[in-house]
1. Do we find a residue being part of a loop (DSSP other than H, G, I, E, B) and crowded, with 16+ Cβ neighbours inside 10 Å anywhere in the range 126-136?
2. Scanning the range 1-52 for residues that are under 21 Å from Gln80 (Cβ atoms), touching a helix residue (DSSP H, G or I) at 6+ places or on another chain (Cβ under 9 Å) and among the basic types (Lys, Arg), which turns out surrounded by the fewest Cβ atoms within 10 Å (Cβ to Cβ)?
3. Specify which of the listed residues (Ser10, Ser76) is outside any loop (DSSP other than H, G, I, E, B), farther than 25 Å from Val217 by Cα and of a type in the set (Ser, Thr, Tyr).
4. If Ala95 meets every condition in (1) hydrophobic (A, V, I, L, M, F, W, C); (2) exposed (fewer than 14 other Cβ atoms within 10 Å of the Cβ); (3) touching a residue at least 24 places away in the same chain (Cβ under 8 Å) apart from one, which number is that one?
5. Yes or no: Gly106 surrounded by 15 or more Cβ atoms within 10 Å (Cβ to Cβ), part of a loop (DSSP other than H, G, I, E, B) and not charged (D, E, K, R)?
6. So which pairs qualify, if the first residue must be in the range 139-159 and surrounded by fewer than 24 Cβ atoms within 10 Å (Cβ to Cβ), the second must be among the aromatic types (Phe, Trp, Tyr) and at pLDDT 95 or above, the Cβ gap must be under 7 Å, and the two must be at least 6 apart or on different chains?
Amino acid sequence: MLMLRQRDESNQATKDAVEKLGRKAHIYTADLSSHESVKALVPKVLDDGHQIHILLNCGGIQRRHPPHQFPDEDWSEVIQVNLSTVFTLCRDVGAHMLSREKDQHGRRGSIINVGSLLTFQGGINVPAYAASKGGVSQLTKALSNQWASEGINVNAIAPGYIATDMNTALLNDQKRADSILERIPAARWGSPDDFKGPVVFLASRASGYVSGEITVVSAFIFRMVCHDQLT
């Protein structure tokens, strides 16, 4: 059973795609910007009789302002969605996994968080996002230190430049988009399909001896020459 977290049930595309493969999927609604909503999510899933073997934390938001003009409310919302929610779900799912016996391979489950290239670099006009994704990296390592010996692998993926709604502002800025593309040897922005392999690897027994890693999924060249080369 694949359990999907969504803001509402209006978008059925992922659920329908899963069910066309002959699998089951269920949508649970939760507002990632609300601590109370997030805190209620895992208990609801467990009360419905489900076990959680894999957690993929991939929700995130972006707000862009010069640092000296960055609004408190935008800072708080980004940190809540991108970092605090990740911690709450890791904590609650981790507690559930720890309550189970290890399987025959000594495993209890896998947790995969999603960072960013800004996990490693500060970016421009995105201080809250950079702080949140840097935090995701250290949270991943801290939880791995605690849980790797307990059969719970905790890793993260750091996407490069991906053509999604979050990067619309960059894609619409032709000068910035061209400068970014010039530094991608693959000569294209990434797509969501590029994460299938890494996610399956980190969720499976194939990565049984991999924990606390931040796996970069990007063909982007890190070349810090001038400010306009940073996101």
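The values are calculated or read from the model by the stated rules, or taken from the named source; none is laboratory data. Computed from a predicted model, the values in this text were never measured in an experiment. Please note: Cβ atoms are built from the backbone with ideal geometry, for glycine as well, and neighbour counts cover all protein chains shown.
1. Taking every residue of the range 126-136 in turn, at least one turns out to be part of a loop (DSSP other than H, G, I, E, B) and crowded, with 16+ Cβ neighbours inside 10 Å.
2. Lys39
3. Ser76
4. (3)
5. It is false that Gly106 is surrounded by 15 or more Cβ atoms within 10 Å (Cβ to Cβ), part of a loop (DSSP other than H, G, I, E, B) and not charged (D, E, K, R).
6. Leu139/Phe87
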